[in-house]
Amino acid sequence: MIYKLKENIDIEKIKIALENIFNSHEILKSKYYSKEIEGKSEIYGFIDEDCSLEFEEYLNSGGAIFLAF
């Protein structure tokens, strides 16, 4: 996802808020895989405890800051 932020926004606070939400809800760490058993494809899910958010900041030529995660 990429969001365009307005000027004077504390990006670190946004990152902390998103990390808090992410770490508070296991469903956001869910991963799924398909496994074939006896010719049938079954879907299995699990919580990836090692999953984390990664943020990237971009500055465009107009001076706008973009945050990607």
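The values are calculated or read from the model by the stated rules, or taken from the named source; none is laboratory data. Just so we're clear, the structure is a prediction, and the values are computed from it rather than from any experiment. We work out accessible area using only protein heavy atoms, side chains counted, and drop any ligands, DNA or RNA first. Shrake-Rupley method; radii C 1.70, N 1.55, O 1.52, S 1.80 Å.
Helix 11-24 and the longest principal axis of the Cα set of the chain meet at an angle near 20°.
With a 1.4 Å probe and every protein chain kept in, tell me what percent of the accessible surface of the chain is carbon plus sulfur. Answer for the chain: carbon and sulfur cover 52 percent of the accessible area.
Relative contact order for the chain: what is it in percent, counting Cα pairs under 8 Å that are at least 6 residues apart? Reported relative contact order: 38 percent.
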